[in-house]
Amino acid sequence: MELNEDYWENRYQEKTARWDLGRISTPIKEYIDQLEDKELKIVIPGGGNSHEAEYLFNNGFKNVYVIDIATSPLENIQQRIPDFPKDQLIQADFFELDMTFDLVIEQTFFCALTPSLRPAYVKKMHSVLVPNGKIVGLLFDAPLYEDHPPFGGNKKEYQALFSPYFDIEIMEPATNSVTSRAERELFIKMFKK
């Protein structure tokens, strides 16, 4: 199975993107609610319908970018939030992105990638962050699937993967996950080394 643009576009067209909660996840919402600097340059990679971007934008964060390999979710965002700047909705492969950010919001992008891409993901995250930039979000802490997304993992694996490039401040079970993901998510906050 090739997880390319056609694969993801079909998932959105067929409405089989079951990971979409239809709203921002509670752990990410609570993190955003304590942010004070509305000028932060934020990216949500593999953002999909990105209820996180909608929440950020509606709460005064105007320097928010969503990148997705599929077109449909970006069109969905534009329909829901007509004032969202079109040039901040980027239809492209995240691994080809040539920009830097203060903050990456991780919400189901990592688990959507073939596990063999995880080392490349970590290196790319490191390269798109400014000095002291950070990744904040959620990673699944469960085996999940081996033959299709979402792909799971565990804390020990993630620590080994991220620690060469990031100082891990938080990687702990999320205590405020939505019911369907309860006890299966790690909340992460990591700073670029």
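Read-outs: derived from the displayed coordinates by stated rules, not from any lab. Being a predicted model, the structure only gives us computed values, none of them experimental. When we count neighbours, we look across all protein chains shown, and the Cβ atoms used for this are built from the backbone with ideal geometry, even at glycine.
Structure summary
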{"quantity": "Estimated distance in nm for a label pair at Ser127 and Lys189, the labels positioned 7 Å out from Cα along Cα-to-Cβ", "calculated": "2.8 nm"}
{"quantity": "For the stretch 105-120, 3J(HN,Hα) per residue [Karplus equation, 6.51 cos²θ - 1.76 cosθ + 1.60, θ = phi - 60°, Hz, x = Gly/Pro]", "calculated": "9, 9, 9, 6, 7, 3, 6, 7, 8, 3, x, 5, 8, 4, x, 5"}
{"quantity": "Antiparallel bridges, percent of DSSP beta bridges restricted to the chain (to nearest 5)", "calculated": "50 percent"}
{"quantity": "Radius of gyration and maximum dimension Dmax of the chain, Cα, Å", "calculated": "15.4, 42"}
{"quantity": "Under Karplus coefficients 6.51, -1.76 and 1.60, residue-wise ³J(HN,Hα) of the stretch 34-43 in Hz, glycine/proline x", "calculated": "9, 6, 9, 8, 6, 8, 3, 8, 10, 10"}
{"quantity": "Gained length - Glu146 relative to Leu35, 0.36 nm times residue gap less alpha-carbon distance", "calculated": "36.4 nm"}
{"quantity": "Distance between the stretch 153-193 and the stretch 106-138 - C-alpha centres, whole angstrom", "calculated": "12 Å"}
{"quantity": "From phi via Karplus (6.51, -1.76, 1.60), per-residue ³J(HN,Hα) for the stretch 78-87 in Hz, x at Gly/Pro", "calculated": "4, 5, 6, 10, x, 7, 5, x, 4, 6"}
{"quantity": "Label-zone membership for the stretch 72-104, site Lys62, 7 angstrom Cα→C-beta point, backbone N under 17 Å", "calculated": "81-89"}
{"quantity": "Length released on extending from Phe95 to Glu172, taking residue separation times 0.36 nm less the Cα-Cα span", "calculated": "25.0 nm"}
{"quantity": "Lysines with Cα under 27 Å of Lys155, excluding same-chain neighbours fewer than 8 positions away", "calculated": "Lys29, Lys123, Lys124, Lys134, Lys189, Lys192, Lys193"}
{"quantity": "Sorted peptide list for 60-69, 127-136, 163-172, criterion being average Cβ within 10 angstrom, highest first", "calculated": "60-69, 127-136, 163-172"}
{"quantity": "The stretch 137-193 shape via C-alpha gyration tensor axes, a/c threshold 1.5", "calculated": "oblate"}
{"quantity": "Other-chain or far-sequence residues with amide H under 5 Å of Tyr65's (modelled H)", "calculated": "Ile42, Val43, Ile44"}
